[in-house]
1. For a quick check of your reading of the model, give me the residue pairs whose first member lies in region A:64-84 and is farther than 15 Å from residue B:58 by Cβ, whose second is of a type in the set (Phe, Trp, Tyr) and surrounded by 11 or more Cβ atoms within 10 Å (Cβ to Cβ), with beta-carbon atoms closer than 7 Å and at least 6 apart or on different chains.
2. How about region A:28-72: which of its residues are under 41 Å from the mean Cα position of the chain (by Cα) and more than 7 Å from chain B (Cβ to nearest Cβ)?
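The values are calculated or read from the model by the stated rules, or taken from the named source; none is laboratory data. A quick note: this is a predicted structure, and the numbers were derived from the prediction, not measured. A quick note on method: Cβ atoms are made from the backbone with ideal geometry, for glycine too, and the neighbour counts reach across all protein chains shown.
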Amino acid sequence: MKDPCPSVSKLLEKYFDREVTEEERSLVEAHLPGCPNCQEALNMMTGLRDVLKNPVEEAVEKEDFPWVWQKIERGIRLAEKPPWWESIRSWLDISPLFKRRVWIPAVATVAILIFTLVLFKKTPSHPGASVVEYLESPIYNVMVYDLEKAKVTVIWLFEGPEQEEFSS
Amino acid sequence: MNQEENDLISRCQQGDQDALKEIFNLYHKKVYRIAYGVVRQREEALDIVQEVFLKLFRSIKNFTGKSHFYTYLYRMVMNTAIDHARKIKKSRTLSLDENGSFEPSDGVEKRPDSILLDKELEGRVKQAMEKLQPDQRAALIFREVEGLSYEEIAEAMGCSIGTVMSRLHYGRKKMQELLKDYIRLGGGK
């Protein structure tokens, strides 16, 4: 690449960029026809501009910008949407039923009730069994009961508190 | 800045999304040109456009109107684009061999058809741009791609016209050195 002549070197780029005054423009245009170096320098600047600009213009023509706007809109919505824990917290704050003064004692009461029920629940010795008959005598005791789950009737014959006999 | 644009900006500052859409319609091609001019990749350029308008919506409250709106926007685009260019430089798929000649990473041999030549040229331009200082790169894109005047570039970059001229001069000189074969080939494209 050849350098432009010293006489117009400072003006040549300004001329190329259309930033010269009328007087400067006349000066450069009077110089150019007889100066291959300055002509080449101008051609190089034009070539560089083409190389930088043409692919960009081609890309702009091909682009689908409404789709880009849709992505921007989605981005705004996402930025505006609070995270899920914030949504829950704000819902708790606005719901009168779940205001802190109500729901803490309410949850505590329910927890105590459940605990009490579990603790004092009467558990049957034979779960699911219903006694049909019970006979006592000095020698033997007999108990007849149904096991509903297994659909079986059990006859329990036992002698005393220590010795028991089982039959079904 | 005209009254219509002023109104749009005020509405946008109050969170009006329709106003942002109108600003998008006015400026999206300019924003895309600058973004593409810096990163030379479609997907990246589109990401930058999206990021810039989202940033604009968030930060437009800080725009005081002391400068032109477009210079405020252009500065935002340029900063975002140069940040992206830095990030993608590391993950670039195109590579230079030891002799510095360009080859596509998939190992396809170069053929003299125009598509591959365009791709090769774009790869070269991108590599050359990365070798410029960010200020030189910004000045060159503002001037050559977007066609801004020296005064507009100076306002967008927050510097004097003399500094703009100097950045353009050294940027052009370096690019011409790096792309001299391609400028002769591609200049007449």
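1. These pairs meet every condition: A:69/B:24.
2. Matches in region A:28-72: A:57, A:58, A:61, A:62, A:64, A:66, A:67, A:70.
Listed here are the residues, each with its yes/no results for (1) over 30 Å from residue B:34 (Cα atoms); (2) in a helix (DSSP H, G or I); (3) modelled with pLDDT of 85 or more.
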residue: A:55; (1), (2), (3): no, yes, yes
residue: A:58; (1), (2), (3): no, yes, yes
residue: A:71; (1), (2), (3): no, yes, yes
residue: A:89; (1), (2), (3): yes, yes, no
residue: A:126; (1), (2), (3): yes, no, no
